[in-house]
């Protein structure tokens with residue numbers, strides 16, 4: 001088993017954040033840094049009052065209740081592999097960046113949620129560009145690689161002649177590597193609908 005060493009100051013920051021949520025420190029060494037960071041992020045999002053049920057869960061329930069077939073752009077295994085391997089090889093920097101970024105979570109979430117509600121993209125694009133610039137090793141597997149894997153499947157849906165409703169996270173839609181710019185490059189016409 002590979003031993004992950006964090007610098008003392010980063011480890012202390014991590015312990016302080018873990019203590020804030022009353023998590024048992026004795027078991028924390030059993031988890032990879034990426035899983036610890038993801039757990040802390042989920043606790044923080046809950047603390048800020050955001051629900052576990054997202055748009056995807058809402059429409060999944062709706063599709064199931066109406067017997068509409070559901071397809072996935074990636075498997076659960078692929079999602080888990082991506083989450084588990086985040087920060088691999090640069091764990092100290094990943095944990096440090098993640099902990100520092102948690103200080104801005106409330107601001108980021110409120111601006112991104114506002115973009116989502118209003119159909120705007122300016123704040124989301126700024127956030128995406130910051131992530132790409134500040135943490136390219138995180139950005140690539142989280143955004144670029146996944147968008148690149150999904151695009152051929154989305155093209156198949158578009159070329160099928162059928163109507164599909166596709167749900168992806170907001171960070172995958174906009175920005176330099178977003179799905180919308182890539183679909184435009186393929187010759188698709190993009191029309192934004194705003195529901196009030």
Protection proxy ranking of 159-165, 42-48 - average other beta-carbon atoms within 10 Å, highest first: 42-48, 159-165
Radius, Kirkwood style, for the chain when every pair of distinct Cα atoms is counted (Å): 18.9
Ordering of 107-119, 88-100 by packing [mean C-beta count within 10 Å, highest first]: 88-100, 107-119
Computed label-point distance, nm, for sites residue 129 and residue 100 using a 7 Å Cα→Cβ extension: 2.0
Rounded, prolate or oblate (a/c below 1.5 giving rounded, otherwise prolate when a/b exceeds b/c) for region 1-91 by Cα gyration tensor: oblate
Extension reserve of the residue 145-residue 166 stretch, reckoned as 0.36 nm per residue once the Cα distance is removed: 5.8 nm
Mean projected area in nm² (Cα convex hull; one quarter of hull surface) for region 83-196: 8.3
0 to 90° range, to nearest 10: angle between helix 91-101 axis and the chain longest Cα axis: 70
Residues residue 11 and residue 62, FRET efficiency given R0 of 45 Å [Cβ-Cβ distance, rounded to 0.05]: 0.50
Peptides ranked, highest mean first, by Cβ atoms within 10 Å: ranges 134-141, 72-79: 134-141, 72-79
Helix-only mean residue ellipticity at 222 nm for the chain, each DSSP H run of n ≥ 4 adding -39500 (n - 2.57), per residue, nearest 500: -17500 deg cm²/dmol
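FYI, it's all coordinate maths here, none of it is from the lab. No experiment lies behind these values; they were computed from the predicted model shown. Using ideal geometry, Cβ is built from the backbone for each residue, glycine included, and neighbour counts are taken over all protein chains shown.
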